[in-house]
Structures are given as structure tokens and as C-alpha cells.
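For reference, the structure discussed in these notes is given below.
What follows draws every value from the coordinates through simple rules; no lab data is involved. If you're wondering where the values come from, they're calculated on a predicted model, not measured in any experiment. Ideal geometry is used to build each Cβ from the backbone, glycine not excepted, and the neighbour counts take in all protein chains shown.
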Amino acid sequence: MKGELPIMKQLILGDAKQELAGTRRILERLPNEQMMWKPHGKSMTLGGLTTHLINLVNWQVAIFLHSELDLSAVPQRREALGTREEVLEEFDANVAKLEKLLDECEEDKLAEEWTLRSGDHIILRQPRAMAFRTFGLSHMIHHRAQLGVYLRLLDIPLPGLYGPSADEQGK
């Protein structure tokens, strides 16, 4: 039908918008007074984990701006954001960039090859749509789930992501 988006783009847009909205709902629950907390000595701090989530949205933007991402050229760690407000401000700005890129992206660009590398080592080479889904969204979902565990351990009520949470149902 005239004016209707191609199916691949519809799926990517719908999936991305749902997962980004769910990620924002969980970030809204961040306790400012606990940003240095971590559940285990080998774990990231709460602030470090949320900063990593922000970086993953930056990487999703990079998938649409560039034909590759070289991790050897990206700083390994950045200083963790210290407050919920800082996290939400940067997340919202990055999501706005990403949504604009997604809206403007032509379907043929989604099929173009995209490469993740570390220097000369190729980590993955996939069509851009697959890289966005796996390296971008699935990676973000994984760390969002970790964040949910952190919040549960801190006894902070969790929002529902794919239906109501036990906290929302009063269980």
C-alpha cells in the first residue's frame, strides 16, 4: 500500500521503540544514593552498569552512521554517570538521535554489511539490521536485565516490560 513502510523497517522500528521505552522505564527507577553500589566484587557499580547502557545506545547510533565500529578506537571505560537525572538526560538525547536515524534509514541500508572489529580482528560482520538487533538491542536488553537484578537486590520496585511486573501487581 502507498505510504506504508516496508516490513523489515516496520519490525526494526517497532522493536527498537518498544525496547528503548522499556529501558527508559527501568532507568527511571535508579536510586541516586545507590549509584556506587554493586552486588559482587566482580560486578560493575550501579552507575557503571547504567553508563554502559548509555554507551550501547551510542553504539546503536554508530551502526547507522558508519559501516563499522572499531572497539580499539573507543575508550574501554568512561567515568560512570552519578545521578538518575544525568543518566536520563544522556539516554534521552541518544535515543532522539537513534530514532531520527531509524526514521530516515532506507531499507536497502539495513541490508548493507556492517562490521564490528577490534583493530585488525573482525568480531562480526553482518547486515546492518542484524547487527542492530544483536549487537545493539539484544546487548542492551541483556544489560537491562542485569540492571533489573540490581534493583531487585536493592528492593526497588520494577516496572513491567512485557506485561505487568510482580511489583505492579502488588505481589
Within the stretch 107-133, restricting to residues that are out of contact with any strand residue (DSSP E or B) (no Cβ under 7 Å at 6 or more places or on another chain) and free of Cβ contacts under 8 Å to residues at least 24 places away in the same chain, the one that is surrounded by the most Cβ atoms within 10 Å (Cβ to Cβ) is 130
Out of (1) surrounded by fewer than 15 Cβ atoms within 10 Å (Cβ to Cβ); (2) touching a strand residue (DSSP E or B) at 6+ places or on another chain (Cβ under 8 Å), what's the single condition that is false for residue 63? (1)
Does at least one position in the stretch 31-47 carry a residue that is under 15 Å from the mean Cα position of the chain (by Cα) and among the hydrophobic types (A, V, I, L, M, F, W, C)? no
